[in-house]
Amino acid sequence: MTSTRPVLRASGLCKTFGSGAALVRAVDGVDLDVAPGETVAIMGPSGCGKSTLLHLLGGLERSSAGEIDLAGECVSGISERALAHLRRTAIGFVFQGFYLMDELTAIENVELPGLLARRSPKAARARARELLEQVGLADRTGFLPSALSGGQRQRVAIARALINQPMIVLADEPTGNLDSTATVEVLRLFESLHESGQTLVIVTHEQRVAATADRLVSMRDGAFVDETRMTGGSRGDLGKLIGLGGE
Amino acid sequence: MKGQVVLVWRLAVRDLRRHPVEALMALLVIATAATTLTVALALSGVTNQPYQQTRLATAGPDVIAIEGGGPVSAQPVSSAQLAAAVASLTTAPGVIAHSGPYPTAYSAVRFRGHTVDVVAEGRDQAPAPVDQPKVMQGGWIRPGAVVIERGFADALGVHVGDNVRLGGLSFRVAGIAVTAAVPPYPSSLCHIACPFPAAVGSFGVPNMGLVWLTRSAVAGLARSGAPLAYLLNLKLADPAQAPAFVAQHPDTFTWQSVQSAINALIGIEQVALGVGGWLLGLLALAGLGVLASRRITEQSKRVGLLKAVGATPATVALVLLVEQLTLAVGAAAAGLLAGWLIAPLLTGTGAGLVGAPGAPSISVLAVITITVIALAVAAISSLVPAIRAARTSTVSALADAPRVPSRRPLVIAVSARLPVPLLLALRQLSRRPRRALLNTISIALTVTGIVAILASHAHIPIANLTISNLKLDRFNELTAIITVMLVILAAVNTTFIGWATAADGRFSSALERALGATAGQVTAGLSMAALLPALPGAIIGIPLGIGVYHLLASGTPLTVPPAWQLAGVLLATLLAVTVLTAIPSRLSARRSPAQVLQTE
């Protein structure tokens with residue numbers, strides 16, 4: 001966190017569905033600044049709007065009101081094409097359900113966003129291999145998702161999110177489908193990303209994941225209700241409690 | 001039991017209501033396929049031997065003799081001349097029966113503002129031993145009444161009980177009949193041996209009808225200036241000897257020449273009907289194949305839901321079956337009706353013959369065949385997912401874990417080097433290779449049909465020969481209808497394939513967009529996924545079409561349509577595929593990727 005200018009800034013962000021009596025305010029006036037290298041965890045009960053907020057921040061959905069700035073540039077009103085460009089260059093997504101292409105091997109899944117970003121096939125493959133090594137799956141590059149464990153699949157998904165060196169990685173319940181061992185594997189990976197200066201926004205309802213963050217934001221009924229700055233993030237006491245950092 | 005039936009029915013109907021687009025697409029594909037199959041099967045009846053049946057039903061003559069005739073100013077044949085000619089023919093060796101001579105005048109009929117040339121034959125009210133026209137509707141001639149040849153009546157739109165004007169007099173239409181003595185409308189006596197030179201204009205013989213009147217009525221036409229001739233029908237001991245008989249007697253013609261005139265008119269049509277029927281049938285089956293596979297995919301998750309709420313595998317199968325049967329039966333009925341209405345448009349020429357009536361019969365066999373095919377599609381669409389579900393646990397069925405799509409490492413490697421839309425298209429194709437194959441077959445069949453029709457048009461000479469003009473008119477009409485049907489069916493199939501590709505690729509498209517592909521790239525990718533298999537299909541269809549026409553129109557030289565026409569077919573096909581698949585692709589790509597990812 002060497003710069004004070006936020007990588008991502010959301011102000012007055014709203015998202016509504018339906019109309020009249022059936023109007024639902026999924027996100028209701030959210031303000032959020034994410035500094036470079038910061039890990040922000042957003043917690044809250046199911047249906048409180050966490051995932052919708054993440055989709056808005058990542059340009060997967062358009063907001064009903066409010067603004068989003070990415071690296072100082074307003075991206076709220078930009079074209080669909082520009083949003084797609086943003087998704088493939090500045091943002092990396094990690095989903096709860098992994099969302100890997102079943103017919104592609106681990107390395108082919110990881111290189112896909114690189115190919116969409118028009119990297120040369122050779123460069124995309126080299127970068128994918130490097131990332132798979134980084135996430136500890138160097139020996140699984142040619143495996144199909146069906147041959148990988150849940151934790152391994154999520155690590156492939158994380159590697160895929162990183163291939164275009166995004167400014168920010170948005171993770172939606174990244175450990176929601178994982179058992180304890182796999183959760184710790186993924187948390188270690190997020191920790192190493194955090195240490196390398198990667199900006200992360202993680203939506204979760206799991207305390208252990210939140211404990212790895214620099215800042216914890218609580219959400220309820222579409223709005224932020226509390227914010228806690230963590231001391232030391234995963235390197236602090238909470239991190240030690242779950243077996244991360246603090247050696 | 002009653003409660004179970006009500007439950008099954010409710011579940012089936014509600015699911016259909018909940019997915020109206022899917023239900024409508026299924027209905028459309030089955031109905032279109034059923035229509036074309038109905039037409040294809042109905043056409044097979046037309047290619048039977050209608051002339052032989054007509055000869056049997058009407059005691060058709062083996063030889064027809066013409067006496068008299070000539071220009072208007074010429075002296076009519078005298079009674080003595082006529083008697084002598086008749087005596088020499090009816091007593092000739094081999095002749096076992098005869099009828100006539102019948103006075104025959106060249107005149108014109110007026111009906112509802114239309115005036116058409118006719119040959120009016122004077123007949124007795126008593127049945128003739130040779131060539132007694134078979135009355136198909138109404139009755140036989142009587143004073144003041146006329147009987148009209150069926151092909152002519154169909155063309156004129158005249159019915160029993162109508163009034164027509166002949167030689168300035170009004171006649172009531174007593175009946176509609178068929179004969180084997182002259183070829184049916186639009187052909188006529190004058191296409192074989194014309195005793196009325198006035199009928200032959202500079203552009204050949206016009207379309208001429210045939211009517212039967214009483215002898216006295218024909219005499220009346222002659223008195224008002226109509227040229228007159230006499231027809232004598234002869235029956236031989238051996239009908240095969242007719243050509244030899246004719247060779248010895250001038251002004252006679254054989255039953256074989258009547259048959260040739262009919263075949264000249266409908267022979268090329270029969271080829272077109274046969275080829276068109278087969279192509280339409282195969283095209284319909286290709287569409288049904290795609291439909292069945294799509295329905296199986298659609299139903300998998302629903303099976304899981306039903307099992308989760310306690311339905312047994314049998315109930316699940318029953319619900320799906322009822323749902324699919326409702327669609328299939330409705331669509332098959334609509335298709336049969338549409339086919340029944342369309343088929344007569346294709347078989348007009350045969351209307352003048354027994355066995356090929358104006359509305360070709362939709363046989364019980366055709367109804368059963370179409371119903372069985374529709375039900376088979378319904379059964380496969382419902383039973384395959386039901387059986388799959390019975391074999392898997394409820395949790396797995398509910399999770400709707402997709403089967404791992406087929407993997408083509410070479411395609412994946414090659415596509416990595418291509419622009420993004422092509423990359424997406426090739427990978428989409430490699431996931432569903434069988435659908436791509438059906439798409440190729442569908443387009444290949446369509447182009448084959450169109451090119452075969454173009455080849456036939458390129459082959460038929462446009463000459464001022466009498467029968468060729470009729471042939472050409474009728475053939476153009478027929479092939480235009482077949483072309484329209486082929487194009488409509490192919491359009492329905494292509495749209496459905498595009499929609500099914502977009503629907504099946506909804507998740508992968510949403511993920512690709514989440515990973516940075518634009519909506520335009522995804523749309524282009526889905527369109528190309530339909531276009532790429534269409535390209536080889538269209539290319540293969542060109543030589544196939546030329547070959548099919550060459551094979552079926554045996555004896556004709558190899559005919560290749562002009563290059564510009566072939567290029568036009570190729571480009572138009574690819575353009576049509578692009579447009580038809582772009583619509584469902586675009587609609588699919590417009591959905592929010594976040595919503596799709598959350599709901600899939």
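The values are calculated or read from the model by the stated rules, or taken from the named source; none is laboratory data. What you see is a predicted model, and the numbers here were worked out from it, not measured in a lab. Backbone-built Cβ (ideal geometry, glycine too); neighbour counts: all protein chains shown.
Residue B:539 meets the conditions (1) modelled with pLDDT of 90 or more; (2) under 21 Å from residue B:508 (Cβ atoms); (3) β-branched (Val, Ile, Thr) in every case but one. The failed one is (2).
Only one entry in B:153, B:120, B:80 is among the aliphatic types (A, V, I, L, M) and more than 18 Å from residue B:183 (Cα to Cα), namely B:80. Within region A:195-210, not a single residue is surrounded by fewer than 22 Cβ atoms within 10 Å (Cβ to Cβ) and either within 22 Å of residue B:512 (Cβ to Cβ) or within 14 Å of another protein chain (Cβ to nearest Cβ) (or both).
Being of a type in the set (Gly, Ala, Ser) and under 30 Å from residue B:92 (Cα atoms) is the filter; apply it to region B:188-217 and report the residue that is modelled with the highest pLDDT. Applying the filter and picking the extreme gives B:216.
Considering region A:53-62, the residues that are out of contact with any Pro (no Cβ under 8 Å at 6 or more places or on another chain) and crowded, with 22+ Cβ neighbours inside 10 Å include one that is nearest to the other protein chains (Cβ to nearest Cβ), namely A:55.
Looking for something more than 20 Å from the chain's Cα centre (by Cα) and within 12 Å of another protein chain (Cβ to nearest Cβ) - is there at least one such residue anywhere in region A:170-184? No; the residues of region A:170-184 include none that is more than 20 Å from the chain's Cα centre (by Cα) and within 12 Å of another protein chain (Cβ to nearest Cβ).
Under 26 Å from residue A:163 (Cα atoms) and under 19 Å from the mean Cα position of the chain (by Cα) - does that describe any residue in region A:12-32? Within region A:12-32, one or more residues are under 26 Å from residue A:163 (Cα atoms) and under 19 Å from the mean Cα position of the chain (by Cα). Evaluating residue A:152 against the criteria (1) within 14 Å of chain B (Cβ to nearest Cβ); (2) assigned to a helix (DSSP H, G or I); (3) farther than 23 Å from residue A:91 by Cβ; (4) at pLDDT 90 or above leaves one unmet condition, (1). None of A:129, A:119 is of a type in the set (Lys, Arg), surrounded by fewer than 22 Cβ atoms within 10 Å (Cβ to Cβ), more than 9 Å from chain B (Cβ to nearest Cβ) and not in a helix (DSSP H, G or I) except A:119. When restricted to residues that are at pLDDT 90 or above and outside any strand (DSSP E or B), region B:218-238 contains 2. Looking at this structure, is residue A:81 surrounded by fewer than 23 Cβ atoms within 10 Å (Cβ to Cβ) and at the interface with chain B (Cβ under 7 Å from one of its Cβ atoms)? So residue A:81 passes the test. When A:112, A:187 are checked against the criterion of being touching a residue at least 40 places away in the same chain (Cβ under 8 Å), in a helix (DSSP H, G or I), over 13 Å from the mean Cα position of the chain (by Cα) and surrounded by 21 or more Cβ atoms within 10 Å (Cβ to Cβ), A:112 stands alone in meeting it. Since residue A:92 meets every condition but one in (1) part of a strand (DSSP E or B); (2) away from every other protein chain (no Cβ under 12 Å), which condition does it not meet? Condition not satisfied by residue A:92: (2).
Considering region B:291-325, the residues that are under 31 Å from the mean Cα position of the chain (by Cα) and at pLDDT 75 or above include one that is surrounded by the fewest Cβ atoms within 10 Å (Cβ to Cβ), namely B:325. For region B:509-520, filtered to residues that are buried (at least 24 other Cβ atoms within 10 Å of the Cβ) and either not in a helix (DSSP H, G or I) or not charged (D, E, K, R) (or both), the residue that is nearest to the other protein chains (Cβ to nearest Cβ) is B:516. Checking the structure you have, find out if any residue of region A:25-33 is away from chain B (no Cβ under 14 Å), of a type outside the set (Asp, Glu) and crowded, with 18+ Cβ neighbours inside 10 Å. Yes, region A:25-33 contains a residue that is away from chain B (no Cβ under 14 Å), of a type outside the set (Asp, Glu) and crowded, with 18+ Cβ neighbours inside 10 Å. Residues that are crowded, with 18+ Cβ neighbours inside 10 Å, of a type in the set (Ser, Thr, Tyr) and more than 18 Å from residue B:221 (Cβ to Cβ) do occur in region B:96-104, at least one of them. Residues that are more than 14 Å from chain B (Cβ to nearest Cβ) and not basic (Lys, Arg) are absent from region A:98-109 altogether. With respect to the stated conditions, residue B:127 fails to be modelled with pLDDT of 85 or more and in contact with a helix residue (DSSP H, G or I) (Cβ under 7 Å, 6 or more places away or on another chain). Kindly evaluate residue B:146 against the criterion of being assigned to a strand (DSSP E or B) and closer than 18 Å to residue B:108 by Cα. So residue B:146 fits the description; yes.
When residue B:417 is tested against the conditions (1) in contact with a Phe, Trp or Tyr (Cβ under 9 Å, 6 or more places away or on another chain); (2) modelled with pLDDT of 85 or more; (3) in a loop (DSSP other than H, G, I, E, B), the lone failure is (1).
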